[in-house]
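K.L.:
So that we are looking at the same thing, I have put the structure below in structure tokens.
The values are calculated or read from the model by the stated rules, or taken from the named source; none is laboratory data. Predicted model, so just to flag it, every value in this text is computed and none were measured. Note: ideal-geometry Cβ built from the backbone for every residue, glycine included; neighbour counts use all protein chains shown. Heads up: the accessible areas ignore ligands, DNA and RNA and are worked out on the full protein's heavy atoms, side chains in. Shrake-Rupley method; radii C 1.70, N 1.55, O 1.52, S 1.80 Å.
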Amino acid sequence: MIRILTAGESHGKALVGIIEGIPAGLEISVEYINFHLKRRQMGYGRGGRMRIESDEVEIISGVRFGKTLGSPIALMIKNRDWGNWKSKMSIEEIDDVIEKITVPRPGHADLAGYFKYGFDDIRDVIERASARETAIRVACCSIARKLLEEMGIFIGSHVVQIGYVKVEDRNKLDKKIQKLIHKPKGALEVSLSADESEVRCLDKSVEKKMKEVIKNAMKNGDTVGGVFEVIVTGLPIGLGSYVQWDRRLDGLLAQVIMSIQAVKGVEIGPAFENATKFGSEVHDEIFVKNGKIYRKTNRAGGIEGGMTNGQPIVLRVAMKPISTVIKGLNSVDLKKLKPVKSRYERSDFCAVPSASIIAESVIAPVIANAVLEKFGGDSLKELKKNYKGAIFALW
Ligand code: EPS
């Protein structure tokens with residue numbers, strides 16, 4: 001089974017990651033991984049760090065002549081900014097006096113991390129709690145994503161809300177999405193189209209308003225969050241299982257989505273809207289055509305009983321506004337136990353577009369694991385042979 005571990009501090013020398021469990025014989029290149037790393041760095045509202053970094057992966061092990069060996073794949077991304085942080089982030093003890101941070105930012109890991117690990121400097125929390133970690137996570141997950149693409153499973157995402165500005169014409173947007181996901185690259189087409197927008201929104205009529213909200217937040221020394229959707233197409237019926245709680249695919253997907261920094265909510269399909277309706281209005285009725293099962297709607301978000309039902313998976317994700325707020329919030333100096341305004345640490349004003357790329361990435365190993373669990377295979381060739389028994393629905 002696929003496992004991923006990452007390490008690295010935001011301003012340390014490098015971020016490193018290991019992904020294990022990828023079958024042998026999968027073609028993978030630095031270019032493929034870098035393509036997704038670049039996408040993660042984009043988006044209107046990012047802070048100064050993204051002007052310093054140009055994330056590029058180095059493959060350290062597990063790949064030979066462009067193909068995976070089935071052995072653990074080790075990856076590294078160097079932090080360019082480390083050059084400016086060498087003494088502040090020194091591995092060895094140093095003589096310089098480094099100012100300690102003792103004022104936590106409300107909403108960040110600062111306060112709980114400081115007490116949990118018994119630190120006297122919040123810098124020790126900030127460095128690993130930072131969303132910078134997602135760069136190496138995206139790199140590792142991209143390899144699982146490539147595996148899925150070999151099986152015809154594609155992942156995409158798009159932003160539907162920034163702050164209070166929402167997509168206005170949902171029917172029009174759904175029609176656009178339907179057109180895109182029926183192309184050969186399925187949900188990936190949604191992403192490629194969304195990538196053309198600085199806020200990754202497919203609805204051009206609200207794009208400007210979304211940028212305006214972010215611009216206002218910047219002007220006011222504030223931050224904004226939002227909502228995005230992740231779609232997966234090309235799925236066979238029966239990934240995941242209802243027979244044991246920890247094999248339910250919706251639960252497993254929710255866990256990885258919730259592990260993304262600043263994500264505070266996830267729904268499978270329009271779950272909260274479904275909760276306001278009657279059962280007869282919610283459940284996707286079942287039809288048959290030329291011996292194939294199909295549905296006219298997908299309010300279940302592609303998952304019933306913890307298993308894929310042959311429809312695209314649709315996840316909706318809520319990201320809170322980033323907790324580093326320039327104008328400052330009420331906080332307390334933990335050393336002096338005196339009320340003060342929270343201090344500013346360079347950050348983003350809005351990272352919703354970036355989070356949507358991270359979400360695309362982190363679900364890939366979960367789905368790949370479900371594929372490997374059902375079909376098995378130590379090599380891509382073996383997996384593809386076993387995959388011939390997969391059952392697909394019309395969608
Ligand atoms: C990030 C790098 C960070 C932040 C951001 C994400 O860089 P720095 O801290 O040097 O500005 O821009 O991290 C956070 C939002 C956070 O809360 O830690 C990145 O590479 O995505």
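K.L.:
Among the numbered criteria (1) within 30 Å of residue 208 (Cβ to Cβ); (2) in contact with a helix residue (DSSP H, G or I) (Cβ under 8 Å, 6 or more places away or on another chain); (3) not in a strand (DSSP E or B), which single criterion is violated by residue 137?
P.N.:
(1)
K.L.:
For region 295-327, give me each residue that is free of Cβ contacts under 8 Å to residues at least 60 places away in the same chain and not hydrophobic (A, V, I, L, M, F, W, C).
P.N.:
Within region 295-327, 296, 297, 299, 301, 304 meet the criteria.
K.L.:
Only one of 76, 89, 50 is of a type in the set (A, V, I, L, M, F, W, C), assigned to a strand (DSSP E or B) and within 16 Å of the ligand (Cβ to nearest atom). Can you tell me which?
P.N.:
From the options 76, 89, 50, the qualifying one is 76.
Per-residue answers, yes or no, for (1) within 16 Å of the ligand (Cβ to nearest atom); (2) under 15 Å from the mean Cα position of the chain (by Cα); (3) small (Gly, Ala, Ser):
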position: 250; (1), (2), (3): no, no, no
position: 264; (1), (2), (3): yes, yes, no
position: 271; (1), (2), (3): no, no, yes
position: 281; (1), (2), (3): no, no, no
position: 291; (1), (2), (3): no, no, yes
position: 312; (1), (2), (3): no, no, no
position: 316; (1), (2), (3): no, yes, no
position: 323; (1), (2), (3): yes, no, yes
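K.L.:
Away from the ligand (no atom under 14 Å from the Cβ) and not in a helix (DSSP H, G or I): which single residue out of 55, 121 fits that description?
P.N.:
Step by step, each of 55, 121 is checked, and only 121 is away from the ligand (no atom under 14 Å from the Cβ) and not in a helix (DSSP H, G or I).
K.L.:
Count, please, the residues in region 344-362 that happen to be in a helix (DSSP H, G or I) and more than 9 Å from the ligand (Cβ to nearest atom).
P.N.:
9
K.L.:
Let me ask something else about it. Residue by residue through region 210-225, note down the ones that are open to solvent by less than 50 Å² (accessible area, probe 1.4 Å), of a type outside the set (Val, Ile, Thr) and assigned to a loop (DSSP other than H, G, I, E, B).
P.N.:
Scanning region 210-225 gives 221, 222, 225.
K.L.:
Filter region 51-66 down to the residues that are of a type in the set (A, V, I, L, M, F, W, C) and free of Cβ contacts under 8 Å to residues at least 60 places away in the same chain and list them by number.
P.N.:
Selection gives 52, 59, 60, 63, 65.
K.L.:
Report, by residue number, each residue of region 229-251 that is surrounded by fewer than 19 Cβ atoms within 10 Å (Cβ to Cβ) and either in contact (Cβ under 8 Å) with a residue 12 or more places away in the chain or hydroxyl-bearing (Ser, Thr, Tyr) (or both).
P.N.:
Selection gives 237, 238, 241, 242, 247, 248, 251.
K.L.:
Step by step: first the residues of region 253-275, then only those that are under 14 Å from residue 302 (Cβ atoms) and assigned to a helix (DSSP H, G or I), then the one that is least open to solvent (accessible area, probe 1.4 Å). Which residue is that?
P.N.:
253
K.L.:
Oh, and also: Within the set of pairs 6+ apart or on separate chains, which have a first residue in region 333-357 that is closer than 13 Å to residue 101 by Cα, a second that is within 13 Å of the ligand (Cβ to nearest atom), and C-beta atoms under 6 Å apart?
P.N.:
That search, which allows pairs on different chains as well, returns 342/105; 344/326; 345/324.
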